[in-house]
Amino acid sequence: MSARILILAAAAGSAALLIAALGFQHLGGLPPCKLCYWQRYPHVVAVLIGAVALALPRRALAALGALAALTTAAVGLYHTGVEKAWWEGPSTCTSGAIGGLSTDELMDQIMAAPMVRCDEIAWEFLTLSMASWNMLAALALAGLWIAAYRKL
């Protein structure tokens, strides 16, 4: 397979994952949390890198595409860990302890809380959440970028 086909497949894969995320959001009624947004940004970067790399195939661009895919995979792993309570997520994304708060402080915390929590699984398939599936898909896309790098 040529480097051009690999780059096209990797960039198209990121575009497909973005479209799927937007579909879940707008058609499926599953609003994204903060970490879901963080997973989208590297995919946008990978699509842009792919567009440039198709016009100017360079090893550095393929390496940057792989880095973008690995970045979203890392965020997906982090998000999966937050969902599974392996570790805490950002304080604006997860529920925190309420002990020791006055009624007014508790009300302020509730009113400032985001609509969607990162530590709850909104959707899963075969016991894996969207964050986990994104991580696996992004690792496969990183493999495509790395294969393109080797061919350039």
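The values are calculated or read from the model by the stated rules, or taken from the named source; none is laboratory data. Note that the structure is predicted; figures quoted are calculated from it, not measured. We place every Cβ from the backbone using ideal geometry, glycine too, and count neighbours over all the protein chains shown.
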Those residues of the range 31-52 which are assigned to a helix (DSSP H, G or I) and of a type in the set (A, V, I, L, M, F, W, C), in sequence order: Leu35, Cys36, Trp38, Val44, Val45, Ala46, Val47, Leu48, Ile49, Ala51, Val52
Looking at (1) under 25 Å from Glu83 (Cβ atoms); (2) touching a residue at least 40 places away in the same chain (Cβ under 8 Å); (3) assigned to a helix (DSSP H, G or I); (4) small (Gly, Ala, Ser), which is the one condition that is false for Gly28? (3)
Residue check: is Ser2 buried (at least 16 other Cβ atoms within 10 Å of the Cβ), hydroxyl-bearing (Ser, Thr, Tyr) and within 20 Å of Ala147 (Cα to Cα)? no
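Table: residues versus (1) within 20 Å of Ser132 (Cβ to Cβ); (2) polar (S, T, N, Q); (3) modelled with pLDDT under 90.
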site: His43; (1), (2), (3): yes, no, no
site: Ala51; (1), (2), (3): no, no, no
site: Leu67; (1), (2), (3): no, no, no
site: Thr80; (1), (2), (3): yes, yes, no
site: Ser91; (1), (2), (3): no, yes, yes
For residues in the range 105-135 being touching a helix residue (DSSP H, G or I) at 6+ places or on another chain (Cβ under 6 Å) and part of a helix (DSSP H, G or I), which is modelled with the lowest pLDDT? Ala131
How about the range 69-85: which of its residues are hydrophobic (A, V, I, L, M, F, W, C), assigned to a helix (DSSP H, G or I) and either surrounded by fewer than 20 Cβ atoms within 10 Å (Cβ to Cβ) or within 10 Å of the chain's Cα centre (by Cα) (or both)? Ala69, Leu70, Ala73, Ala74, Val75, Leu77
